[in-house]
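Read through the structure below, which is laid out as structure tokens, and then see the notes.
The values are calculated or read from the model by the stated rules, or taken from the named source; none is laboratory data. Just so it is clear, the structure is predicted and the values come from calculations on it, not from any experiment. Cβ atoms come from the backbone with ideal geometry, glycine included; neighbour counts cover every protein chain shown.
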């Protein structure tokens, strides 16, 4: 059995993933702002460093898998969305890379979102700004009237990062993939129903499956991507959204390379 780290392990998808992996007999080091093996706030630079140090000590410098589930959404302040969802996540992933390099068939499963493909007019430039790595600049960008883009742009940046880094990390023996959940019934999603207009927007999302997803369903997909059954899957973003992305963009994927006739 392996040793894994799951951030955001106290609730939602993170808690479901931790439970699923432990049921398989794995050891899981949980990270969260409460009720976890390692306590820390990914919005704070010092906490990010300490989380990496404490997880490294807890795993003895060897990790077989990492699932950075920690995240926030509206109605959280956009500054928090930017700092936690992208920069805090990457700080932990990159900080724990040496531990993963020593693991057995190590894998990382990131958390993107189907908001990346269903947000009308989402500018790719907003995601690219995240990839430039200037945290304070990105925070400043999302104090503008387009501040609602902070969440989908950050999740698009996660997907881009996975795709762009997959080959490099695979050269070190680490598989990088991501899941892109749709609307999932979690403690992060339910408060949105109390925001004027948001409930109506959520109700308008077409979901062929006919319901919101469950955290356990996302955990099942994550478990698969961490497993040996997914050993040839590298650099992919798996949509786990009840069919919404396929319905809205049936011909968007795969996208052929330009050129030719």
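Structure values in brief
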| quantity | calculated |
| --- | --- |
| Qualifying residue in segment 206-215 (condition: in a helix (DSSP H, G or I), modelled with pLDDT under 95 and within 19 Å of the chain's Cα centre (by Cα)) | no |
| Any pair with Cβ under 9 angstrom, 6 or more apart, that starts in segment 235-261 at a residue that is over 22 Å from residue 176 (Cβ atoms) and ends at one that is modelled with pLDDT of 85 or more and in a strand (DSSP E or B) | 242/213; 246/239 |
| Flag if residue 150 is in contact (Cβ under 8 Å) with a residue 24 or more places away in the chain and outside any loop (DSSP other than H, G, I, E, B) | yes |
| One residue from 182, 154 being touching a strand residue (DSSP E or B) at 6+ places or on another chain (Cβ under 9 Å) and surrounded by 17 or more Cβ atoms within 10 Å (Cβ to Cβ) | 182 |
| Condition met for residue 235 (assigned to a helix (DSSP H, G or I) and at pLDDT 95 or above) | no |
| Cβ pairs under 8 Å, 6+ apart, first in segment 102-122 and touching a residue at least 24 places away in the same chain (Cβ under 8 Å), second surrounded by fewer than 18 Cβ atoms within 10 Å (Cβ to Cβ) and part of a helix (DSSP H, G or I) | 105/228; 117/248; 118/248 |
| Residues located in segment 15-46, provided they are in contact with a strand residue (DSSP E or B) (Cβ under 9 Å, 6 or more places away or on another chain) and closer than 17 Å to residue 81 by Cα | 32, 33, 40, 42 |
| Check on residue 149, surrounded by fewer than 16 Cβ atoms within 10 Å (Cβ to Cβ) and in contact with a helix residue (DSSP H, G or I) (Cβ under 7 Å, 6 or more places away or on another chain) | no |
| Filter result (touching a residue at least 40 places away in the same chain (Cβ under 8 Å), over 19 Å from residue 111 (Cα atoms) and in a loop (DSSP other than H, G, I, E, B)) within segment 1-43 | 2, 24 |
| Odd one out for residue 218 among (1) in a loop (DSSP other than H, G, I, E, B); (2) in contact (Cβ under 8 Å) with a residue 24 or more places away in the chain; (3) within 30 Å of residue 27 (Cα to Cα) | (1) |
| Residue in segment 81-97 that is assigned to a loop (DSSP other than H, G, I, E, B), touching a residue at least 40 places away in the same chain (Cβ under 8 Å) and more than 20 Å from residue 177 (Cβ to Cβ) present | no |
